[in-house]
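Below: one structure, written as structure tokens.
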Amino acid sequence: MGEIDFSRDQMNKLKSAMNWEEEIKASSGQSAETVKRGFGWDPCGTNLARGTKLRVEKDGMAAWLYLAPPDQGQVYTKEELITYLERNGVVTGYHSSNLSAMIKKKVYEREILVAKGKEVEKGKDGWFEYLFTPEEYGVPKIREDGTVDYTSMSALHNVHSGEKVAIYHRAEQGKDGYTVRGVEVKAKPSKEQPPLRGKGVERIGDEYFAQTDGKIEAKNGKIDIQKVHEIAGDVTLIVGQVEFFGDVIINGNVENGVVVRAGRNIEIHGTSGSATLLAGGDVIISRGIQGGGTISAKGSVFADFIENTTVIAGGTVLSNTILNANIHAEDKVITTGKKGAVIGGYVHGFKGIEAITAGSDAEVKTILHSGYEQKSYERFLELRRKESELKEKLSELVDNMTDAMRERRTGSSGSSMAAELRLMERDKMKELYFEELDQISRERESLEEIMDASQGAYVKVDGNIYRNVVVSVNVEQLTLNRGTGYMVYTADNGVLEGNVIVH
């Protein structure tokens, strides 16, 4: 926009002339619009007073008008407001009633919403409706005394051949939106899901039917109907060992020395002694386990009580009481019921521990640990030291190789041959160093991921905490020299913090 060589007096005279626009154009050689812009007049060709402002939100989804009062004797029209909006780039989504109200009620000197864009209407990805409960265990019943009845849980959902088990609902596409400036905002395309995979299921159109009787399970976009190995009574040493690729259900007790190995879940409706239970899924023991046994489950472990037992779980460990046990859970350890006690032993829940009572009047040493363990941290420090040492060796080796290459270029034929041999030897050593460094880096990064994942780890005791209980989060720990209670412990920047639970 060019500068205008008019004085203010000349401009006033021109403004008062009947044909002022033509005279301006004739005198300056420029359009009247250009002259008006140069003198700060409303560039939109409306009568809106100076001080009128338009604000459009950053995302372009709303526009707000601040309307200055008109000069005395003047009035605004709705059409002028719309013209002002259009010429300032707000071209759609007008709030007609607000614009009318601003004129009728003379709403000045405050921002009013005058235009609003249309938000994108989200679509819905394709989804499967299961006519059974995937990964069904039900919810254990709470007894009147507050303890949990694990006998009410079941890892089974049986279906019959020909029964409809799932329906696929196709994706619903969203609707595009737009900003007040007329810019189209595209809705994210909705995705269709791939067909369900699995065994024992037939697909007809968008519906799925069981082809056999058995136990049905849905995980990771796959439906399987599996046969179940069920034992009517106790499992004794006469049986010795039970192995099955699917689920194992024992409707009695498991005696000392027995080994039960299942590709999926183990469900015991009685008690388990000093047995070995190995499951590719979950372990459910209705009455509990005691006597020095071992449980290893890729999933979770549920038991009425766990005593003198080693438990390793890829998920959560839930029990009413844990006594002198060695527990390691990749998720949480939770004790339930009125007592919800952890007494003695070592209990580790990577993401957290929740108990009602920790320790006892007998002041039995009880260790509660959450987050990454000390051995992981020590290994991480060792790997960082090795990594640093290897990098220094590599740097020194590269310098030696550079010298050998220079000697090969400048030396006699004999010395060049010796330099070539040294260079080959050091090149092999360099590859070994790089291979070792790569292995160390991968392990270090894996440990770093574990440490990052431990953020938010906690130990929570919603009742009594007795003397000689050790609370530990990551590598920080605290041995309680006196009783306390109703506390939650977390680690922040290397400091173990305890806060009172407020109900």
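The values are calculated or read from the model by the stated rules, or taken from the named source; none is laboratory data. Since the model is a prediction, treat every value here as computed from it, not as a measurement. For neighbour counting, all protein chains shown are included, and Cβ atoms are generated from backbone atoms with ideal geometry for every residue, glycine included. In case anyone asks, the SASA skips ligands and DNA or RNA and just uses the protein heavy atoms, side chains included. Shrake-Rupley method; radii C 1.70, N 1.55, O 1.52, S 1.80 Å.
Near Val91, the amide H atoms lying under 5 Å from its own belong to Arg181, Gly182; only residues 5 or more places off or on other chains count, and H is placed 1.01 Å from N.
Residues whose amide H falls under 5 Å from that of Gln477, counting only those 5 or more places apart or on a different chain, are absent, with hydrogens built in the peptide plane. Annotation: the antiparallel percentage among DSSP beta bridges lying fully within the chain is about 40. Taking a straight Cα-Cα cut-off under 26 Å and skipping sequence neighbours fewer than 8 places away in the same chain, the lysines within cross-link reach of Lys430 are Lys386, Lys391, Lys393. Put simply, when 349-362, 111-124 are sorted by average Cβ atoms within 10 angstrom per residue, most first, you get 349-362, 111-124.
Solvent exposure of region 374-436, expressed per residue, is 73 Å² of accessible area, with all protein chains present and a 1.4 angstrom probe. The heavy atoms of Val502 offer some 130 square angstrom of accessible surface to a 1.4 angstrom probe. Placing a pseudo-label 7 Å from each Cα along the Cα-to-Cβ vector at Met417 and Lys365 gives an inter-label distance of 6.9 nm. Give the aspartates and glutamates reachable from Lys186 as a straight Cα distance under 14 Å; neighbours fewer than 8 places away on the same chain don't count. The qualifying aspartates and glutamates are Asp59, Glu119, Glu121, Asp176. Only one of (1) 20.6; (2) 49.6; (3) 30.4 was calculated from the structure for mean projected area of the Cα convex hull in nm², and its label is (2). Longer than 28 Å from Cα to Cα, which of Lys53/Lys104; Lys122/Lys351; Lys78/Lys118 are they? Say none if no pair is. Table pairs above 28 Å Cα-Cα are Lys122/Lys351.
Between Lys393 and Lys53, the simple label model (points 7 Å from Cα in the Cβ direction) yields a spacing of 6.7 nm.
Here is the link list: Lys116/Lys191; Lys116/Lys175; Lys124/Lys215; Lys339/Lys365; Lys219/Lys338; Lys332/Lys460. Which ones come out longer than 23 Å on Cα distance? Spell out each step's value before the answer.
Values: Lys116/Lys191 29 Å; Lys116/Lys175 17 Å; Lys124/Lys215 30 Å; Lys339/Lys365 18 Å; Lys219/Lys338 34 Å; Lys332/Lys460 11 Å.
Where the Cα-Cα span goes over 23 Å, the pairs concerned are Lys116/Lys191; Lys124/Lys215; Lys219/Lys338.
Residue-wise HN-Hα couplings along region 459-475, as the Karplus relation 6.51 cos²θ - 1.76 cosθ + 1.60 with θ = phi - 60° gives them from phi, are 10, 10, 10, 9, x, 6, 10, 8, 4, 6, 8, 9, 9, 9, 10, 6, 9 Hz; Gly and Pro carry x.
For the chain, carbon and sulfur atoms together expose 48% of the accessible surface, with a 1.4 angstrom probe and every protein chain in place.
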